1. Which entry in (i) 8, 34, 37, 18, 2, 0; (ii) 9, 33, 33, 18, 7, 1; (iii) 10, 31, 23, 16, 11, 7, 2, 0 is this structure's computed P(r) over Cα pairs in 10 Å bins from 0, in percent?
2. How far is helix 155-190 tilted, in degrees, relative to the longest principal axis of the Cα atoms in the chain, given as a value from 0 to 90 rounded to the nearest 10?
3. Nearest 500 deg cm²/dmol is fine: what mean residue ellipticity at 222 nm does the chain get from its DSSP H runs of n ≥ 4 alone, each adding -39,500 (n - 2.57), divided by its residue count?
4. As I understand it, the value is the acute angle between the Cα axis of helix 59-68 and the longest principal axis of the Cα atoms of the chain; what does it come to in degrees, rounded to 10?
5. Report, in whole Å, the centroid distance computed from the Cα atoms of the stretch 26-64 and the stretch 95-164.
Amino acid sequence: MCYGRCARCIGHSLAWLATLCIVANVLLYFPNGETKYASENHLSRFVWFFSGILGGGLLMFVPAFTFIGLDQEDCCGCCGHENCGKRCAMLSSILAALLGIAGSGYCVIVAALGLEEGPRCMDASGQWNYTFANTEGDYLLDSSTWSTCVEPKHIVEWNVSLFSILLALGGIEFILCLIQVINGMLGGVCGYCSSRQQQYDC
């Protein structure tokens, strides 16, 4: 098994996932494609935590590009042997993976809290509040109650869909970074690639 190739695959996957997280988070600011709700502060408070933009997005590019660049990184070699330097690089990638775990974990937690509390919307009495805040997330299983949110239209569907996407993407990022922690340990101990042709001793 080539641990460096595995890391590159994880890196490319994380880059795409991070991009999708940013897009999903940005869309949360524009229910029905309108900007007035953001300017009037009528969005869920968890939208402003930037979980998809920062945690699952920009922060995730650090481990993504680190993993992609492992093929060129050899820590300036070690004892004159390239493979020893690559072992060092694989071990150092664990730090980037831990950063990714922190970012994706933040994304997952905020998305889960956003789903549980529900959107901020106008009810039939014309008041802006968190209509489903006291349901402990039970509203997610009872779509018949979603119509209690009068404005923005379809805000419940909008929030549920996008926060669910962030939850799923963040979860996948978390798993991939966790895999890289294991992959980095194995690559550092066993060598960049485990094939006989690429094994060298320090």
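What follows is calculated from the coordinates using simple rules that are stated; it is not laboratory data. A quick note: this is a predicted structure, and the numbers were derived from the prediction, not measured.
1. (iii)
2. So the helix axis and the longest Cα principal axis differ by about 10 degrees.
3. Values: 5 runs with 112 residues, N = 202.
Result for the chain: -19500 deg cm²/dmol, rounded to the nearest 500.
4. 30
5. What the calculation gives is 13 Å, centre to centre.
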